[in-house]
Structure formats: C-alpha cells, structure tokens
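Heads up, the thing below is written out as structure tokens.
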Amino acid sequence: MSSSHMKRLTMPRSWPLPRKSSIWIQKPNPCGHPLERCMPLGVILRDVLGVAQNRREAKKIAHSRQIKVDGELETDTGRGVGLMDVLTVGENNYRCILDTNGKLRYRPISAKDASTKFCRVTGKTTIKGGKTQLHLHDGRNIIFEENPEYRTGDSVVISLPGQEIKSHYKFEEGSLAYLTGGNHIGEMATVKGREIKRSSKANEVQFDEFGTIADYVFVVSSESDLPKEDLS
C-alpha cells in the first residue's frame with residue numbers, strides 16, 4: 001500500500017464522500033491541519049466541486065496555475081485544504097467549513113471574503129532573541145518582536161496571502177463561538193462562562209443550553225463570517 005493513499009472505509013467521517021464506490025482514496029500530504037479537518041486538493045476538485053472527472057484531470061487543472069490556496073498558487077493535488085482555508089479555482093472562491101453533520105464543506109464566497117481568513121490561536125512560545133511566535137490552527141506561525149496580547153483560544157483575521165493581522169477577537173464571556181467538535185458541531189453559540197481546569201482535564205466552556213471543551217470553540221465576529229449556502 002502506498003503511504004499517499006488509504007482505504008475509503010478508513011477515511012475520516014468528516015469527508016463527505018461515499019465509502020464503497022472504490023477501494024482507495026488519496027491522503028492529504030502532511031500539513032498544518034489534522035486528517036479529520038482537511039481533504040486533498042485533487043479529491044476536492046474531482047469528488048466535491050466536480051470540476052475534474054478523474055485524478056489526471058485534477059492534476060492538469062492544478063498544473064494550469066488556476067488554483068490558489070489561501071491566496072498562493074498551488075500545483076500539488078495532495079495539498080490538504082482544511083478548516084477556514086480559502087480555495088480559489090479560476091474565478092471562483094470557496095471557504096472550507098464544518099457543517100452541522102460534522103462534514104467538511106467547501107462553500108462559495110466572494111472575492112472580498114477570499115482576501116481574509118479567520119485563524120484560531122492555539123498557543124504562543126518565546127523564541128531566540130526574545131521574540132514571540134504565535135501558533136495558529138492551520139499550522140502557520142507568526143513572529144512578533146514583543147509579546148503580543150493574543151491568548152490561546154482567541155481568533156485573529158489575517159490578510160491573504162500577506163498574513164498581516166487585521167482584527168483580533170478575544171475568547172471571553174459574550175464571544176460568539178463557532179463549534180468545531182462535539183454534539184453541537186457546526187453550530188453558533190454565545191459563550192456564557194469558562195472553567196479553567198488546573199489538571200490534565202480539558203478546560204470547559206458553558207453556553208446557554210450546554211457545555212463543551214475549549215478546544216472545540218472557534219471565536220468569530222458574527223454569523224455572516226461563515227458562508228451558509230451549500231454547493232449541493
């Protein structure tokens with residue numbers, strides 16, 4: 001078995017594809033997203049967007065320099081396109097989100113929306129020279145000369161492809177949360193409270209009707225930040 005493929009029966013449940021149409025499916029190349037939160041570009045072009053009939057056509061489209069991921073040209077059909085990423089195919093732009101069934105969806109967005117991207121802060125570390133490195137959910141790191149005010153769980157809006165931080169949304173009481181896991185995946189809810197655990201247990205977040213763990217909370221500014229209409 002090639003390490004670039006896996007059996008369809010074992011592919012993540014988040015992939016909106018039939019499991020028994022064929023035996024094998026391409027795996028995304030290692031990237032900043034976990035396997036459950038991204039799909040390879042070639043599979044998206046062929047099985048999700050339907051702009052290619054087969055893998056050869058998907059490769060041809062990719063090598064025609066019509067594809068961008070987060071504003072940068074992409075020719076690798078194994079590139080993983082994951083949560084909140086912007087995929088541009090010709091003149092059309094799509095944003096990857098999780099729907100309320102926990103499936104990855106690539107929904108149409110405007111060219112203006114395609115110029116920015118929400119990223120969740122997953123941590124920050126001090127590096128050589130006293131600089132601070134901010135870690136974001138899609139694997140990218142941004143370096144600051146001084147320690148910035150951003151905290152783990154906050155969200156930042158970055159420009160594409162320049163990666164300049166345009167906005168900052170704090171993870172606090174009253175924040176609007178997009179849920180990326182648990183029973184309420186894909187839903188929006190307002191944070192009512194937080195419980196920080198002084199142990200190995202996950203920190204908890206309370207909403208009006210339910211609670212979840214902090215790792216599933218992705219702070220956004222409004223419901224319009226996520227594209228609603230589906231491609232189907």
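In region 176-220, inverting the average of 1/r over every pair of distinct C-alpha atoms gives 10.5 Å as the Kirkwood radius.
One chain, two ends: R65 and N101. Fully extended at 0.36 nm per residue, the span grows by 9.6 nm beyond their Cα-Cα distance. Measuring max minus min along each principal axis, the C-alpha atoms of region 1-97 give extents of 34, 26, 21 Å (largest first).
Selection among S159, N147, G193 by position relative to the dipole of region 141-211 gives G193 as farthest towards the positive end (Cβ unit charges, Cα centre).
Taking a temperature of 25 °C and a viscosity of 0.890 mPa s, what whole-number D in µm²/s does Stokes-Einstein yield for the chain with Rh from Kirkwood over alpha carbon pairs?
Values: Rh = 18.7 Å.
Answer, rounded: 131 µm²/s.
Ordering E145, E172 from the fewest to the most neighbouring beta carbons within 10 Å gives E145, E172.
Where does the charge balance sit around R8 when Lys and Arg score +1, Asp and Glu -1, over other residues with C-beta under 10 Å from its C-beta? Please list the in-between numbers first.
Details: positive: K7, R19, K20; negative: none.
That sum, taken over residues with Cβ under 10 Å, equals +3.
Rounded to the nearest Hz, the phi-derived 3J(HN,Hα) couplings of region 124-133 under the Karplus curve 6.51 cos²θ - 1.76 cosθ + 1.60 (θ = phi - 60°) are 8, 9, 8, 10, 3, x, x, 7, 10, 10, where x marks glycine and proline.
How big is the convex hull of the Cα atoms of region 105-220, per residue, in Å³? Spell out each step's value before the answer.
On the way: hull volume 15.2 nm³, N = 116.
Dividing the Cα hull volume of region 105-220 by its residues yields 131 Å³.
Quick check: residue separation of M188 and F144 times 0.36 nm, minus the Cα distance between them. What number comes out in nm? Fully extending the segment from M188 to F144 adds 12.7 nm.
What number, in percent, do you get for the relative contact order of the chain if the mean sequence gap of Cα pairs under 8 Å and at least 6 apart is divided by its residue count? Present the calculation step by step, with values, prior to reporting the outcome.
Details: 494 pairs, mean separation 31.8, N = 232.
Reported relative contact order: 14 percent.
Would you mind getting the Kirkwood hydrodynamic radius of region 57-176 from its Cα pairs, rounded to one decimal in Å?
Evaluated over region 57-176, this radius sits at 15.7 Å.
Among W24, W15, which comes first, second and so on when ranked by fewest other beta-carbon atoms within 10 Å? Provide the component values of the computation, followed by the final result.
On the way: W24 13, W15 20.
Going from least to most buried by this count: W24, W15.
Max-minus-min Cα coordinates of region 118-168 on each principal axis give 27, 22, 19 Å, with the largest extent listed first. Going from the fewest other Cβ atoms within 10 Å to the most, the residues M39, M84, M6, M11 appear in the order M6, M11, M84, M39.
Could you work out [θ]222 nm for the chain from helices alone, using -39500 (n - 2.57) per DSSP H run of at least four and dividing by all its residues? Round to the nearest 500 deg cm²/dmol.
Details: 1 runs with 9 residues, N = 232.
About -1000 deg cm²/dmol.
Put the Cα centre of region 53-117 next to the Cα centre of region 157-232 and the gap is 23 Å.
Give K7/K103; K20/K103; K103/K166; K170/K201; K128/K192 a once-over and call out the pairs whose C-alpha atoms are over 27 Å from each other. Too far apart for the 27 Å limit: K103/K166; K128/K192.
Dipole size of region 53-100 about its Cα centre, with +1 on Lys/Arg Cβ and -1 on Asp/Glu Cβ: approximately 300 debye, rounded to the nearest 20.
Where a number appears in this text, it was derived from the coordinates with a stated rule and is not lab data. Just so it is clear, the structure is predicted and the values come from calculations on it, not from any experiment. Ideal geometry is used to build each Cβ from the backbone, glycine not excepted, and the neighbour counts take in all protein chains shown.
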